[in-house]
Amino acid sequence: MADIAIQYEPRHHFQPFHERDQRWASLVVHRRGGKTVACVNEALTRATYTQKKDARYAYIAPFYRQAKDVAWQYLKEFGGDLIVKIRESELRVELFNGSYITLYGADNPDALRGLYLDGVVLDEYGDCRPSLWGQVVLPTLADRKGWAVFIGTPKGKNHFYDVHRRAQLETGWYALTLRADESGILDEEELAEMRAQMTPESYKQEMLCDFEAAVVGTYYADQIQLLEQNGHISPDAAPFDPRKKVHVAADLGFSDSTAFWFWQENADGFAIIDYYANQGKKLPHYLEMLDIKGSSKGYDYQDIYLPHDAKAETLGTKRSTVEQVIYHYKNTDTKVLLVPKLKVQHGIDAVRLVLPQCWFDQVNCYEGIEALRAYRRTYDEVKKVFSKDPLHDWSSDGADGFRYFALCCRHSKLPETLKHLRKPVVIERPTYKLNDLWEERKGSSHRYAKLRM
């Protein structure tokens, strides 16, 4: 195979990146700067010259379709004669030495669980769920001592910003920041045209790699930044008080994530002590997580707030979600309540008013805080207006859960109009006899269930 070579000549900006000896790397590069081409060829080179048997590499974009559109053609083109098999349906290539390179989407993290990887590229990491790295990708690299590269352009001081700052400050990391006005890749005439037609914020983010530039359309980013500056978000800002009970608000989902916010009430506001989110799990998983005995949380709950649609019966049981939760806590004094069905904008207004009264445990609530920071609406460039509805992405579930908290937390400084609207619905505890449960079990195989709204 000595005659086979990768047909790639790196730009001089990326030569130090390819020659690095650090295990971790972060590349903040302007649009059309060539970061995708560089990272696809980084994976190809390492897969070609590895001494490991059955080596596996991955390229992960925020969405599976995005990975295909951005990197798939590059991978096949530069792989050339190195590739012995192309699996279009799996977005995977097999090289002559048995190594594989596969494209994935962060929107389906379960596809990565249980795998081992020798190297991974995380594209536009700021658009991915923060937990993707620590909970899903990092374990795949552990036993093989695999490497990782984070790439993207800034979108505010989010989790990609945290990674890049770490890369700039810590040994064991390689960091590259490549601005359009310094790289020379795009000529001045083209940059002038882009400045004329892009908003100042977009130009700073996309072309000047500025993490300080405002992210257009965010609902709470400015408030989150102000809370950080005022000490409301820190590892010690919201200590758990074991003498007090804990309140919970949840946004439940199965195809989407389920998110839980945990808080305690203090004289000066609300201590947001914890956050939990997961995807594709059934209700028993979350009940186990919440349970006082042997749970990962171990809190004594005063009340649990569920979304209004939790009263609908599920297809797997004749009981609604809220009834199942109530039955789970039948021998406790925990109250289970439904958040009233209100317009999303009412909840957003409530969040904006409640946030100044909130203190966050920065460690336990990290992913939730980043969800609030990233929550935004889209901008219609044709009509020159923002959409009325929020953008549905990874941040939506955490933001929706916090919206429920804002509507239901007591003693907040909300206007009386919102206080009246947010009155929770109290659900009486259902009573079951042993025969009722046996009948329910016998009928649980039905294909359709009537929804009780």
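The values are calculated or read from the model by the stated rules, or taken from the named source; none is laboratory data. Everything quoted here is computed from the prediction, not taken from an experiment. No Cβ is skipped: glycine too gets one built from the backbone with ideal geometry, and neighbour counts run over all protein chains shown.
Things to note:
- A single entry from ASP69, ASP107 fulfils the requirement of being acidic (Asp, Glu) and over 27 Å from PRO10 (Cβ atoms): ASP107.
- Test result for LEU117, assigned to a loop (DSSP other than H, G, I, E, B), within 25 Å of LYS52 (Cα to Cα), among the hydrophobic types (A, V, I, L, M, F, W, C) and touching a residue at least 12 places away in the same chain (Cβ under 8 Å): yes
- Subset of region 165-187 that is among the β-branched types (Val, Ile, Thr) and at pLDDT 95 or above - its residue that is nearest to the chain's Cα centre (by Cα): THR177
- The lone exception for ARG113 - which of (1) modelled with pLDDT of 95 or more; (2) more than 20 Å from CYS39 (Cα to Cα); (3) basic (Lys, Arg) it fails: (1)
- Failed item, numbered, when PHE360 is tested on (1) surrounded by fewer than 22 Cβ atoms within 10 Å (Cβ to Cβ); (2) assigned to a strand (DSSP E or B): (1)
- All of ALA196, ALA214 fail the test of being out of contact with any strand residue (DSSP E or B) (no Cβ under 9 Å at 6 or more places or on another chain) and buried (at least 16 other Cβ atoms within 10 Å of the Cβ), apart from ALA214.
Every residue, every condition in (1) surrounded by 14 or more Cβ atoms within 10 Å (Cβ to Cβ); (2) under 19 Å from the mean Cα position of the chain (by Cα); (3) within 23 Å of SER131 (Cβ to Cβ); (4) not assigned by TED's automatic domain parsing to the domain that holds ARG144, yes or no:
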| site | (1), (2), (3), (4) |
| --- | --- |
| TYR59 | yes, yes, yes, no |
| PHE63 | yes, yes, yes, no |
| ASP69 | no, no, no, no |
| GLN73 | no, no, no, no |
| ARG87 | no, no, no, no |
| ARG92 | yes, no, no, no |
| ALA106 | yes, yes, yes, no |
| PRO109 | yes, yes, yes, no |
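- In region 17-47, the residues that are more than 30 Å from GLU190 (Cα to Cα) and not small (Gly, Ala, Ser): GLU19, ARG20, ASP21, GLN22, ARG23, TRP24, LEU44, THR45, ARG46
- All conditions but one from (1) in the same structural domain as GLY134 (by TED's automatic domain parsing); (2) surrounded by fewer than 18 Cβ atoms within 10 Å (Cβ to Cβ) apply to ILE6; the one that does not is (1).
- One residue stands out in region 116-159 among those that are touching a Cys at 6+ places or on another chain (Cβ under 7 Å) and not aliphatic (A, V, I, L, M): the one that is farthest from VAL37 (Cα to Cα), namely PRO154.
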